[in-house]
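S.K.: Below you will find the structure I want to go over with you.
The values are calculated or read from the model by the stated rules, or taken from the named source; none is laboratory data. Because the structure is predicted, anything quoted here is derived from the model rather than measured. Cβ atoms come from the backbone with ideal geometry, glycine included; neighbour counts cover every protein chain shown.
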């Protein structure tokens, strides 16, 4: 092929290189509501925009989260996925460059003396074998006429960014889980303290009933019922101690450590439930929630695959060139310029019939893109649902805690009155046992609701996209 023709082809290719058979896909609009259900006001600010250490201020929780972000194995795997995706993305950026291959060969062959090759070699070279030595550099370049390489690069970039969003999603979940695990420990500490206090109260009541039994004022039934109530409180203590150990083990594993005791400097009653919990507008979730961003990037990847599949249906232009030195004698192998050779060729290939494979790949790619659109809409719907759920929990748990606190205060007073009346012979043992049992349950319930409040606030923060900053 003449140099002039090669230059003409290259000019033609560069003209077509700007062509694109696939279009950028616009992110589906109108998939989110204007406001969240049960949202607190309609302010554009959101707690999801706050850095983690601004929202979670307890030093112990912060220290646990810092350890988890360094040692948790899910985070480490996510970081390795990012590294792998980065390598692939860097490789995809070289797609426009030609391939270069260096080949060095040396071979010898001995044809049959009775063959045409054998007779020809003997006649012209006086030898019975053929030697060939070659060293050449080959260039292979495919023109990106229809945007195939551009779409491959776009898909690799989206895949790389998707791994970063996956890491953020793991981190937001990890932050919430660590905080929730710590709050559960504080709840169990409080419940263990309540159980031990109630056990002492039951012991005091049982001593008085024993004295009354000795004096003939009550029957053995009173002692049996008092002992049964005492055993209820006593049984609760090892159960709570077991739950504490299990929660400490779970939290240790979560932060990437072997099971061990977790240091706690706070008490549940010292933990304040935040009241300023602005949720912002749902539209902000599209740019803040890692799972939604990941679904959007998956849509970009699917669109890029459609472009690659469609480009495969169109002609491809390949230009190859090679050059080097070649000789049938080793002594003349690098005899320049006599041993030099060169070749340039260009070819256009148009797929005609491949049993429908290319067409099927294109149709499947379009279907996958439609699935990605549906999955994106579903991810937005799930995110909005999560936020609405947590907003409802925050609001209703506040009312529950207020009522449970009033009930607990009432039962504390009732238990004191029952014991006072019992000591003065104005109340029977059943009233005392009932009052103590009700007080135990109400105080345990109060700690549970307080923990649910703290957990709901953290989950609201996570569902709004907070925790990865």
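S.K.: What's the total number of residues in region 271-314 that are assigned to a loop (DSSP other than H, G, I, E, B) and in contact with a strand residue (DSSP E or B) (Cβ under 7 Å, 6 or more places away or on another chain)?
M.R.: 2
S.K.: Tell me which residues, restricted to region 370-385, are within 12 Å of residue 282 (Cα to Cα) and crowded, with 18+ Cβ neighbours inside 10 Å.
M.R.: 380, 383, 384, listed by residue number.
S.K.: Quick one: residue 255 ticks every box in (1) crowded, with 16+ Cβ neighbours inside 10 Å; (2) within 30 Å of residue 376 (Cβ to Cβ); (3) within 18 Å of the chain's Cα centre (by Cα) bar one, so which box is it?
M.R.: The single condition residue 255 does not satisfy is (2).
S.K.: Of the residues that make up region 346-369, is at least one surrounded by 14 or more Cβ atoms within 10 Å (Cβ to Cβ), in contact (Cβ under 8 Å) with a residue 60 or more places away in the chain and within 30 Å of residue 327 (Cα to Cα)?
M.R.: Within region 346-369 (the criterion being surrounded by 14 or more Cβ atoms within 10 Å (Cβ to Cβ), in contact (Cβ under 8 Å) with a residue 60 or more places away in the chain and within 30 Å of residue 327 (Cα to Cα)), the answer is yes, since at least one residue qualifies.
S.K.: On to the next question. Every residue in region 48-79 that is modelled with pLDDT of 85 or more and either under 30 Å from residue 149 (Cα atoms) or in contact with a strand residue (DSSP E or B) (Cβ under 9 Å, 6 or more places away or on another chain) (or both), please.
M.R.: Selection gives 77 alone.
S.K.: Moving on. Consider region 261-270. How many of its residues are surrounded by 10 or more Cβ atoms within 10 Å (Cβ to Cβ) and either within 29 Å of the chain's Cα centre (by Cα) or on the phi > 0 side of the Ramachandran plot (or both)?
M.R.: Selection size over region 261-270: 3.
S.K.: Just the residues that are buried (at least 17 other Cβ atoms within 10 Å of the Cβ) and at pLDDT 80 or above, please, taken from region 415-435.
M.R.: 415, 418, 435
S.K.: Enumerate the pairs (first residue in region 411-440 and in a loop (DSSP other than H, G, I, E, B); second residue anywhere and modelled with pLDDT of 75 or more and crowded, with 16+ Cβ neighbours inside 10 Å) with beta-carbon separation below 7 Å, excluding pairs fewer than 6 apart on the same chain, so at least 6 apart or on different chains.
M.R.: 427/418
S.K.: Report, by residue number, each residue of region 315-359 that is within 52 Å of the chain's Cα centre (by Cα), in a loop (DSSP other than H, G, I, E, B) and modelled with pLDDT of 80 or more.
M.R.: Correct list: 315 only.
S.K.: While we're on this one: Output the residue which, of all residues in region 436-448 that are crowded, with 18+ Cβ neighbours inside 10 Å and farther than 30 Å from residue 223 by Cβ, is farthest from the chain's Cα centre (by Cα).
M.R.: The selected residue is 446.
S.K.: Separate question: Is there any pair with a first residue in region 271-289 that is on the phi > 0 side of the Ramachandran plot and a second that is crowded, with 17+ Cβ neighbours inside 10 Å and not in a loop (DSSP other than H, G, I, E, B) whose Cβ atoms are under 7 Å apart and which are 6 or more apart or on different chains, and what are they?
M.R.: 280/46; 280/48
S.K.: I would also like to ask the following. Enumerate the pairs (first residue in region 75-97 and within 21 Å of residue 172 (Cα to Cα); second residue anywhere and surrounded by fewer than 13 Cβ atoms within 10 Å (Cβ to Cβ)) with beta-carbon separation below 9 Å, excluding pairs fewer than 6 apart on the same chain, so at least 6 apart or on different chains.
M.R.: Close Cβ pairs satisfying both conditions: 76/70.
S.K.: Is there a residue in region 16-25 that is part of a helix (DSSP H, G or I) and at pLDDT below 65?
M.R.: Yes, some residue in region 16-25 is part of a helix (DSSP H, G or I) and at pLDDT below 65.
S.K.: Let me ask something additional. Residue 200 fails exactly one of the following numbered conditions: (1) exposed (fewer than 14 other Cβ atoms within 10 Å of the Cβ); (2) closer than 30 Å to residue 248 by Cβ; (3) more than 49 Å from the chain's Cα centre (by Cα). What is the number of that condition?
M.R.: (3)
S.K.: To continue, here is another question. What number of residues within region 255-270 are in contact (Cβ under 8 Å) with a residue 24 or more places away in the chain and in a loop (DSSP other than H, G, I, E, B)?
M.R.: Residues meeting the conditions: 9.
S.K.: Are any residues in region 386-410 more than 30 Å from residue 288 (Cβ to Cβ), surrounded by 15 or more Cβ atoms within 10 Å (Cβ to Cβ) and touching a residue at least 40 places away in the same chain (Cβ under 8 Å), and if so, which ones?
M.R.: Answer for region 386-410, where residues must be more than 30 Å from residue 288 (Cβ to Cβ), surrounded by 15 or more Cβ atoms within 10 Å (Cβ to Cβ) and touching a residue at least 40 places away in the same chain (Cβ under 8 Å): just 404.
S.K.: Just give me the residues in region 200-222 being over 20 Å from residue 439 (Cα atoms) and modelled with pLDDT of 75 or more, in sequence order.
M.R.: Those that are over 20 Å from residue 439 (Cα atoms) and modelled with pLDDT of 75 or more: 210, 214, 220, 221.
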